[in-house]
1. If A:Glu568 meets every condition in (1) modelled with pLDDT of 80 or more; (2) farther than 28 Å from A:Phe444 by Cα; (3) touching a helix residue (DSSP H, G or I) at 6+ places or on another chain (Cβ under 7 Å) apart from one, which number is that one?
2. How many residues does region A:296-311 hold that are buried (at least 17 other Cβ atoms within 10 Å of the Cβ) and closer than 16 Å to A:Leu168 by Cα?
3. Filter region A:368-379 down to the residues that are surrounded by fewer than 21 Cβ atoms within 10 Å (Cβ to Cβ) and more than 7 Å from every other protein chain (Cβ to nearest Cβ), then identify the one that is modelled with the lowest pLDDT.
4. Has region A:163-182 got any residue that is assigned to a helix (DSSP H, G or I) and either surrounded by fewer than 19 Cβ atoms within 10 Å (Cβ to Cβ) or at pLDDT 75 or above (or both)?
5. Kindly provide the set of residues from region A:413-423 that are in a helix (DSSP H, G or I) and either surrounded by fewer than 17 Cβ atoms within 10 Å (Cβ to Cβ) or at pLDDT 85 or above (or both), ordered by number.
6. How many of the residues making up region B:47-71 are among the small types (Gly, Ala, Ser), within 11 Å of the chain's Cα centre (by Cα) and away from chain A (no Cβ under 14 Å)?
7. Under the condition of being among the polar types (S, T, N, Q) and at pLDDT 90 or above, which residue from region A:501-530 is farthest from A:Ile550 (Cα to Cα)?
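The values are calculated or read from the model by the stated rules, or taken from the named source; none is laboratory data. What you are looking at is a predicted structure, and each value in this text was computed from that prediction instead of being measured. A quick note on method: Cβ atoms are made from the backbone with ideal geometry, for glycine too, and the neighbour counts reach across all protein chains shown.
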Amino acid sequence: MEPKAERLITILPKLKTIIFAVDIDLKIQFQNEAICEELGIESCNFAGEDIWNVLPPHIIQKYNIVPAIKTVFESSNDLEIHNIIYSDSPFNNPTVMDIEIKRIAQEKPLVLLLIKDATQKARKGEELLLLFELSYLMQETKDLDKLSYLILTAVTAGHAFGFNRAFLLLVDEGKKFLKGRMGLGPTSNEEARDIWSQVSQKSLKELLLTFNKLSSKKELPLFPLVEKLTYKMDSAPESIKTSIEQKKVVKAKREKIETKDNTIFDTLGVDEFIIIPLVSNERTFGIILADNIFNRAPITGENFEELNIFANSASLAIDGVMEYRRLENRKRELEEYQKLISRLKDKFRFSEKLSTLSETVAYIAHEIRIPLSNIGGFASGILRKPDDMERVRKNAGIIADETKRLERLLTRAITFVKGPEIRLTLENINDVIIDIIESMANDFHEKDIAVTKSLDTNLPLLPIDRDRIKQAFLNILRNAIHSTKKGDEITIKTLEENDTIKITFNDTGGGIQKEILNNIFNPFFSTRKRGLGLGLTITQKIINAHGGFIKVESEKGKGTTFNVFLPEKKNNKKSEQDKQEKTSQIDE
Amino acid sequence: MESIMVVDDDDSIRCLYEQVLTDEGYEVVLAGSGLEAVKIFKKEKPDIVILDIRMPGMDGIELLGKVLDMDRKIPVIINSAYSMYKNNFLTWMADAYIIKSSDLTELKVKIRELLDTRKK
């Protein structure tokens, strides 16, 4: 005979509450009558039976029921023991019980044992916990395939919603199609048994990890079926449309009459399935289809509520991922744009170089044109009147001058193209400056410019190309003279500064406007008509070729300062690497 | 005698044009800058003006406007080493645009042509 204790618990779900009155010796005094009926026992009297014969002894021991009863007898306070789990075999769902122990006043002391079925309550709690865990996992997942897999696992996992199969369908971007994206579940009964035996042993997280082993969602066994689950939005089966439009869980059942809507039942091979809409911002952007193709368990309305909560959470997660994807796409687009821009910039820089080159050619052509046309013109003049000796002399003189002009132009153009060659000797920079001032005495005198020298006499000798440096300084001073008026001053200073000699040329002239200041070292930039615009370009090249550099400060109306820095030893300054490179190019 | 005013800041060019155009039988007046040209134009009232464009201070285009203000009908030839000013519509007010060259034939032909048209 089946032990009474085991059978008692199996009827618990029907009775909701089983009541025993127990005395201090743990003997049952009476029980609620419905028990007997349910158990089908004729003589329904447990009176006098020991509690150990009525309740499964391992439960009594595990949950300390005897000490609890004793406590209630002694203290007269009620006690409750929750979540007593009873399972008769590992294959059946366990029964969950709550036991309430109450002291009742009788002439003989008694306690009441109220055994309540808490299975539903416990399952609800467990489901809520699972939902919470799922939501958390879903919010963490940023990959749409992984997320889809997670959602479908939750719908199919026995300890969550327990459907046999689940499919995710999403509305496409054009909002015209509902497209099957992923399907999860076995493809046959045998597979189902295998999977379920695995599933029951694995936690949800472990299940999710299995997806990482898949290289593509196409490897999932249901993929071919998923591809068939694509519908035009306006001609989708009515049940799906209803779920999408009304944003609620819908149970679809095969109609007796053959309609076109029945094809989806044929495709899935079932007579009923459930549709869970995925809604975000008032818009249904997809659905989950779930069925019980293998165990044919009927779809009941009991966990629609949980499904809804789950669907909301899943929707949020999917929408989040799609938003994330959109952002990622946007980011990628932006990066593409940036690449394009930098490519265009490179192109532009190249064409800028080309245009500088063509400008250079145009400029040189023009500079050649004037002296050349003069030479031609004056030569023709001689030819016209070869006997006019005065004219011949005058024209020949002009022709000679213009030829010199051409030669100068050529020299400068070549210097510019080739860059200066430098031959270093140890020189006193102060001597060089004194030299220049002497050679330019006339220019200063003409404009009545006072030149002040402030030269540091303790400077070391510098390795420089004396002629080149002279040329460089000459260009700076010519520029200064050009920008000064009568009576202005020019100051030249030398001093030693961290292994560098600093030579300062300061004028009290008109100063240089910012836009112009940025251009002064550009070739062919000139504010003068009769200048090639190469003077300062060449100066810079010469200074750079010595491993030095130039800094210019200027304020409109107050004057300009050129600071030339020359290293005491050539090529020994790392910070000037950039310029060194230029130098080596020039040296070639 | 018909008189020509040559405006150019390049000494050699002024000298050359003076020689060539005097040989052609014109009276030549010279100006080395726009400002000088305005003064001389008022005094000498030449029959035709030849202008350089790139000059320091007042450039040829500005001078062209001033000259035409003083005499709406005066023929003006722009004579520049550059062709790029042809794109500047202000130069279209001039009667001709001739690029500088050692061969002054084109310039001489144009001067004759403009002076003849003016007489009619």
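1. Checking A:Glu568 against (1) modelled with pLDDT of 80 or more; (2) farther than 28 Å from A:Phe444 by Cα; (3) touching a helix residue (DSSP H, G or I) at 6+ places or on another chain (Cβ under 7 Å), the one that fails is (3).
2. Of the residues in that region, 3 qualify.
3. So, considering only residues that are surrounded by fewer than 21 Cβ atoms within 10 Å (Cβ to Cβ) and more than 7 Å from every other protein chain (Cβ to nearest Cβ), the one modelled with the lowest pLDDT is A:Ile368.
4. Here is the first cut: in region A:163-182, the residues assigned to a helix (DSSP H, G or I) are none.
Within region A:163-182 (the criterion being assigned to a helix (DSSP H, G or I) and either surrounded by fewer than 19 Cβ atoms within 10 Å (Cβ to Cβ) or at pLDDT 75 or above (or both)), the answer is no, since none of the residues qualifies.
5. Answer for region A:413-423, where residues must be in a helix (DSSP H, G or I) and either surrounded by fewer than 17 Cβ atoms within 10 Å (Cβ to Cβ) or at pLDDT 85 or above (or both): A:Ile414, A:Val417, A:Lys418.
6. Within region B:47-71, residues that are among the small types (Gly, Ala, Ser), within 11 Å of the chain's Cα centre (by Cα) and away from chain A (no Cβ under 14 Å) number 0.
7. Applying the filter and picking the extreme gives A:Asn506.
Residues checked against (1) modelled with pLDDT of 80 or more; (2) not in a helix (DSSP H, G or I):
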{"site": "A:Met1", "(1), (2)": "no, yes"}
{"site": "A:Ala5", "(1), (2)": "no, no"}
{"site": "A:Ile9", "(1), (2)": "no, no"}
{"site": "A:Ile18", "(1), (2)": "yes, yes"}
{"site": "A:Val22", "(1), (2)": "yes, yes"}
{"site": "A:Asp25", "(1), (2)": "yes, yes"}
{"site": "A:Ile28", "(1), (2)": "yes, yes"}
{"site": "A:Glu38", "(1), (2)": "no, no"}
{"site": "A:Ser43", "(1), (2)": "no, yes"}
